[in-house]
Amino acid sequence: MGSDHKAGGRGVESSKVDRRSKGRRLVYIAPVIAALLFLAIAPPFMDIAFISLATRILCFGLLAMSVDIAFGYTGMWTFGHAAIFGIAAYTTALFLIYTHIHSFWIITPIAILMAAVLSAIFAIIASRSSGLYFLLITFALGQLVYSVAIQWKSATHGEDGLWGIPYPQIGFPLLSVSYYYFTLIVVAVCGIVLYCFTKSPFGYSLVCIRENEVRARTMGYNTRFRKLIAFVISGVFAGLAGILYVYFNGGIVPDNIGMAASGMATIMVIIGGTGTLWGGFIGSAVVLVLQYYISLVAPQRWPIFLGAIFIFAVFFAGGGIFPRLANLWKRAVGYGNLDS
Amino acid sequence: MAILTVKNVFFRFEGLHVLQGISFAMERGEKVALIGPNGAGKTTLLNVLTGLIPPFSGRIDLLDRDITHRPPHVRTSLGLARSFQVSSLFLQLSVLENVLLAVHGTARTSRQMVRPMTAYKSALEKAEKLLESVDLLSKRDIACRSLSHGEQRRLELILALASGPIALLLDEPTAGLTTQESLELAAMLLSAANKDVAVLFVAHDLDLVFTVAQRILVLYYGKIIAEGTPEEIQANESVRKIYLGETYSEGNQRCLK
């Protein structure tokens with residue numbers, strides 16, 4: 001009887017913990033829902049420049065989130081994601097310019113497949129190394145793709161890039177505002193999918209691999225295979241970001257897929273907070289909003305400001321802006337520290 | 001029937017013969033201690049057995065199945081688990097998340113990329129049961145880094161037990177604990193692990209060794225120099241000389257008597 005009582009007590013305790021856990025989760029995602037609502041309601045009251053900037057933030061936010069899966073969650077320091085972003089963008093542009101296939105629903109899966117294949121190649125080649133060496137190999141492979149984009153002039157038009165990409169037809173025509181909403185929906189769905197992924201056993205196993213790969217192997221995880229899968233999943237979302245971007249931008253140039261673009265995506269993740277998923281998105285918003293406004297005042301000085309923002313984020317927001325904001329939010333609503 | 005059989009295993013590192021023809025077998029449910037001075041090759045032997053480093057030559061069988069060239073994750077799924085000398089926990093994750101990760105490591109998990117890790121009821125029940133067995137259930141939602149050293153050692157054991165092993169390798173499970181804490185941990189281990197599990201544990205604490213072990217292997221510079229019951233090892237003169245030195249302390253004499 002005693003044990004029954006004890007078991008019952010544990011049951012009540014367990015359900016309390018579950019309720020508290022659900023409450024915590026709701027509180028945790030409330031700002032994300034608020035941000036989504038703002039992005040959904042704001043455009044009619046804003047000018048076209050805001051909508052253009054917001055679309056750009058959404059595209060690069062998705063790229064940064066995909067980088068975070070590889071870099072922040074799995075510990076694979078990648079410098080080749082811009083190339084994966086780029087191959088999907090170039091595939092889309094090449095189809096639209098050189099073929100009669102213009103259907104968004106046919107071109108997009110092919111472009112995503114190309115991104116998946118390229119990321120699998122990157123991962124297979126780089127997976128025998130880790131840390132800085134992984135970064136260097138992905139950097140070299142990324143530069144290889146960048147070189148092809150520049151050298152293969154008959155197809156890619158070299159440094160001039162491919163231009164004249166119209167907004168996609170998804171059953172009905174899209175224009176700047178409607179394309180913004182389309183991008184918002186796609187990125188929101190991707191964000192939710194990636195969030196579920198990070199909370200799944202597979203997602204947790206990536207954290208486990210990042211923290212202690214030897215331990216992960218002795219716990220039964222095939223770490224090399226999981227890293228490969230994580231990199232490919234990350235690449236698929238980077239490719240999707242590239243597709244959204246090429247339609248939004250109306251074209252693609254090699255500079256969009258080179259070392260600077262990969263570095264920018266990584267900086268976005270670090271500023272926002274590595275291993276936090278939404279941090280990449282916040283990093284993208286911070287960098288692109290500041291870039292937009294600073295470029296209006298001092299177009300040539302932007303890199304100096306970017307460096308200053310990066311140093312500020314590293315020194316004063318250790319771990320990134322998102323964990324800081326999340327902790328402030330949790331304290332404000334009485335849920336203590338994010339880490340506790 | 002032998003659970004784990006090691007035949008003539010050699011391992012060489014930069015000209016140094018770390019393991020020289022190691023052979024032994026462990027029966028079902030047997031508790032075997034591996035002792036030896038620092039640098040004897042104890043941890044290297046565990047690393048070879050778990051597949052973290054390949055042997056130079058020799059053969060390792062788990063339940064008559066050759067696992068010599070199998071990677072660590074396959075060995076774990078076949079029933080070989082281990083713990084580490086230094087706690088290798090995921091400090092930023094909660095206690096429960098650590099155990100769930102260990103449970104999912106060998107489980108055939110469906111929809112493992114989309115379903116929340118805590119939504120798998122059987123895994124959750126197993127994890128809670130394991131935590132209860134070492135008195136850590138009340139701390140399930142606490143971040144691992146907030147646990148005391150003793151609690152971290154207990155959790156380390158649970159991570160090894162979570163895969164439901166048939167052979168368990170423990171590398172100094174009581175490192176950094178007092179004798180009393182060591183004996184408590186040993187009692188917890190023996191009650192938490194299925195009695196059919198064969199356990200090979202490395203330990204420097206001779207009290208623990210002679211209390212828990214049914215058989216002792218003495219490793220010295222890569223060779224097993226003695227093997228036998230605790231009584232036989234206590235009576236072995238070469239063990240006294242090599243393991244404890246020509247002159248050994250009163251305390252250690254007492255342990256060996």
Within 10 Å of each Cβ in B:72-82, the average number of Cβ atoms from other chains: 4
Quick calc, the protein assembly as shown, dipole around Cα centre from Cβ unit charges on Lys, Arg (+) and Asp, Glu (-), nearest 20 debye, gives 760 debye
Can you pull the one-decimal nm distance between simple spin-label points at B:ILE53 and B:SER148, each 7 Å off the Cα toward Cβ? 3.5 nm
Calculate how steeply helix A:278-297 sits against the longest principal axis of the alpha-carbon atoms of chain A, using the helix alpha-carbon long axis, and give the answer as 0 to 90 degrees to the nearest 10. 40 degrees
So what's the angle, to the nearest 10 degrees on a 0 to 90 scale, between helix A:2-41 and the longest Cα principal axis of chain A? 30 degrees
Chain B: equivalent-ellipsoid semi-axes (sqrt of 5 x gyration tensor eigenvalues, Cα, Å): 32, 22, 15
Debye calculation, C-alpha points only, no solvent: report log10 I(q)/I(0) for segment A:41-164 at q = 0.17, 0.18 Å⁻¹, in the same order as the q values. -0.99, -1.07
Rg and Dmax in Å for segment B:81-120, alpha carbons only: what are they? 11.7, 34
What does the convex hull of the Cα atoms come to per residue for segment B:1-48, in Å³? 72 Å³
With a Förster radius of 35 Å, plug the Cβ-Cβ distance of B:GLU125 and B:ALA25 into 1/(1 + (r/R0)^6) and report the FRET value to the nearest 0.05. 0.50
Under the Debye formula (equal points on every Cα, no solvent term), log10 I(q)/I(0) of chain A at q = 0.06 Å⁻¹: -0.23
Roll a 1.4 Å probe over the protein heavy atoms and report the accessible area of A:CYS208 in Å², nearest 10. 0 Å²
Leaving out ligands, DNA and RNA but keeping every protein chain, what accessible area does A:TRP77 have, in Å² rounded to the nearest 10, with a 1.4 Å probe? 110 Å²
Taking all protein chains in place and a 1.4 Å probe, what share, in percent, of the accessible surface of the protein assembly as shown do carbon and sulfur account for? 62 percent
Amide H to amide H under 5 Å from B:LEU217: which residues, 5+ apart in sequence or cross-chain, H placed 1.01 Å off N in plane? B:ALA33, B:LEU34, B:ILE35
What is the set of long-range amide H partners of A:GLY251 at a cut-off below 5 Å, with H atoms built 1.01 Å from backbone N? A:ILE165
Using a 1.4 angstrom probe on the protein heavy atoms only, line up B:GLU14, B:GLU97, B:GLU132, A:GLU159 by accessible area, largest first. B:GLU14, A:GLU159, B:GLU132, B:GLU97
For the pair A:TRP163 and B:THR5, how long in nm is the line joining their label points, each one 7 Å along Cα→Cβ? 7.5 nm
For the protein assembly as shown, restrict the atom set to alpha-carbon positions and state the Rg and Dmax in Å. 28.5, 91
If the limit is 32 Å between Cα atoms, which of A:LYS227/B:LYS223; B:LYS7/B:LYS241; A:LYS199/B:LYS195; A:LYS199/B:LYS129; A:LYS227/B:LYS195; B:LYS126/B:LYS223 go over it? A:LYS227/B:LYS223; A:LYS199/B:LYS195; A:LYS227/B:LYS195; B:LYS126/B:LYS223
Find which of A:THR218, A:SER129, A:LEU58 sits farthest along the positive direction of the dipole of chain A, computed with +1 on the beta-carbon of Lys and Arg, -1 on that of Asp and Glu, about the Cα centre. A:THR218
Degrees separating the helix A:223-249 axis from the principal Cα axis of chain A, which is the longest one: 50 degrees
Could you run the numbers on buried accessible area between A and B, total for both chains, 1.4 angstrom probe, in Å² to the nearest 100? 2700 Å²
How much accessible surface does B:LEU124 have with a 1.4 Å probe, in Å² rounded to 10? 40 Å²
Residue-normalised accessible area of the protein assembly as shown, expressed per residue, 1.4 Å probe, Å²: 45 Å²
Restricting everything to alpha-carbon atoms, can you work out Rg to Rh for segment B:184-231 with a Kirkwood hydrodynamic radius? 0.99
At A:ILE33 and A:PHE225, where each label point lies 7 Å from the Cα along Cα→Cβ, what is the point-to-point distance in nanometres? 3.9 nm
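The values are calculated or read from the model by the stated rules, or taken from the named source; none is laboratory data. This is a predicted model, so every value here is computed, not measured. For neighbour counting, all protein chains shown are included, and Cβ atoms are generated from backbone atoms with ideal geometry for every residue, glycine included. These accessible areas exclude ligands, DNA and RNA; they are computed on the full protein's heavy atoms, side chains included. Shrake-Rupley method; radii C 1.70, N 1.55, O 1.52, S 1.80 Å.
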